[in-house]
Amino acid sequence: MEIKKITDPAFRKYGRLVTNVDFAELIEALKTKTPMPEGVGYEPSVPALEATATAKQLQTTGWGEGAIEVGYCNGHNTKLNAVEYHRNSEINVAATDAVLIVGMQQDVTDDFTYDTAKMEAFLLPAGQAAEIYGTTLHYAPCSLSPEGFKVGIVLPKGTNFPLTAAHNAGGEDKLLMAQNKWLIAHKDGGQDPKAFIGLIGENLDIAK
């Protein structure tokens with residue numbers, strides 16, 4: 001699929017570059033203190049990342065002093081597999097080049113299906129960070145290089161942690177897979193068997 005630059009005007013409805021924070025210390029910690037799995041690994045909250053000066057600046061500047069968590073999504077991936085959304089923005093910090101495949105929550109139908117043909121891919125270069133708006137569908141980044149990708153993930157504290165309450169599995173609730181995480185999976189995406197299958201069309205692959 002076509003991969004556009006993150007500076008392309010087409011990205012503006014999905015998010016924005018974050019330029020008022022010094023990401024150097026967080027990027028160094030991502031490079032040296034987080035693993036590179038063969039597949040895709042995600043940790044929502046990592047003390048070594050949260051101890052950086054970057055994290056403190058993000059909490060003060062990016063979240064208006066609200067509580068945040070700083071984790072990572074690292075590994076090797078070229079496919080979409082699923083989309084998720086939160087009730088808030090997410091900041092992606094690229095320690096390596098990474099491709100973000102994104103779409104708009106407004107295009108999800110009333111029965112919670114979504115056509116993957118509506119999605120677009122953007123290259124987030126190493127050293128840059130992007131805010132992904134709360135109405136933007138997204139999932140794990142993709143890698144252009146055989147070496148894989150390393151991306152810091154900044155979210156409100158508690159996001160993507162296990163659910164603690166009972167849910168009725170009706171309506172939007174059937175998409176809820178973790179705290180503040182609503183997910184729509186592709187039938188060929190290899191997701192949790194409990195995930196709602198609602199992606200229509202191709203399981204997008206940036207290698208094609």
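The values are calculated or read from the model by the stated rules, or taken from the named source; none is laboratory data. Nothing here was measured: the structure is a model prediction, and the numbers come from that model. All Cβ positions, glycine included, derive from the backbone under ideal geometry; neighbour counts span all protein chains shown. For accessibility, only protein heavy atoms count, side chains too; no ligands or nucleic acids. Shrake-Rupley method; radii C 1.70, N 1.55, O 1.52, S 1.80 Å.
Some observations on this one:
- Only residues that are touching a residue at least 12 places away in the same chain (Cβ under 8 Å) and open to solvent by 20 Å² or more (accessible area, probe 1.4 Å) were counted in region 176-202, giving 17.
For (1) assigned to a loop (DSSP other than H, G, I, E, B); (2) touching a strand residue (DSSP E or B) at 6+ places or on another chain (Cβ under 6 Å); (3) not charged (D, E, K, R), each residue gets a yes or a no:
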| site | (1), (2), (3) |
| --- | --- |
| ALA165 | yes, no, yes |
| LYS187 | yes, yes, no |
| ASP192 | yes, no, no |
| GLU202 | yes, no, no |
| ALA207 | yes, no, yes |
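- Yes/no for LYS4 being open to solvent by 70 Å² or more (accessible area, probe 1.4 Å) and touching a residue at least 60 places away in the same chain (Cβ under 8 Å): no
- Leading residue by the ranking (most open to solvent (accessible area, probe 1.4 Å)) among those in region 116-171 that are more than 16 Å from ILE6 (Cβ to Cβ) and of a type in the set (Phe, Trp, Tyr): PHE161
- Residue within region 155-167 that is touching a residue at least 40 places away in the same chain (Cβ under 8 Å) and in contact with a helix residue (DSSP H, G or I) (Cβ under 8 Å, 6 or more places away or on another chain) present: no
- Cβ pairs under 6 Å, 6+ apart, first in region 73-99 and more than 11 Å from VAL154 (Cβ to Cβ) and in a strand (DSSP E or B), second modelled with pLDDT of 95 or more and among the charged types (D, E, K, R): ASN74/LYS150; LYS79/ASP205; GLU84/LYS181
- Residue count for region 143-154 under the criterion of being of a type outside the set (Gly, Ala, Ser) and closer than 23 Å to GLU69 by Cβ: the result is 5.
- Residue list for region 18-36, filter: under 17 Å from ALA98 (Cβ atoms) and surrounded by 14 or more Cβ atoms within 10 Å (Cβ to Cβ): VAL18, PHE23, LEU26, ILE27, ALA29, LEU30, THR34, MET36
- The listed residue being in contact with a strand residue (DSSP E or B) (Cβ under 7 Å, 6 or more places away or on another chain) and at pLDDT below 95, out of LEU100, LEU144: LEU144
- Filter result (in contact with a Lys or Arg (Cβ under 6 Å, 6 or more places away or on another chain) and open to solvent by less than 50 Å² (accessible area, probe 1.4 Å)) within region 99-115: GLY103
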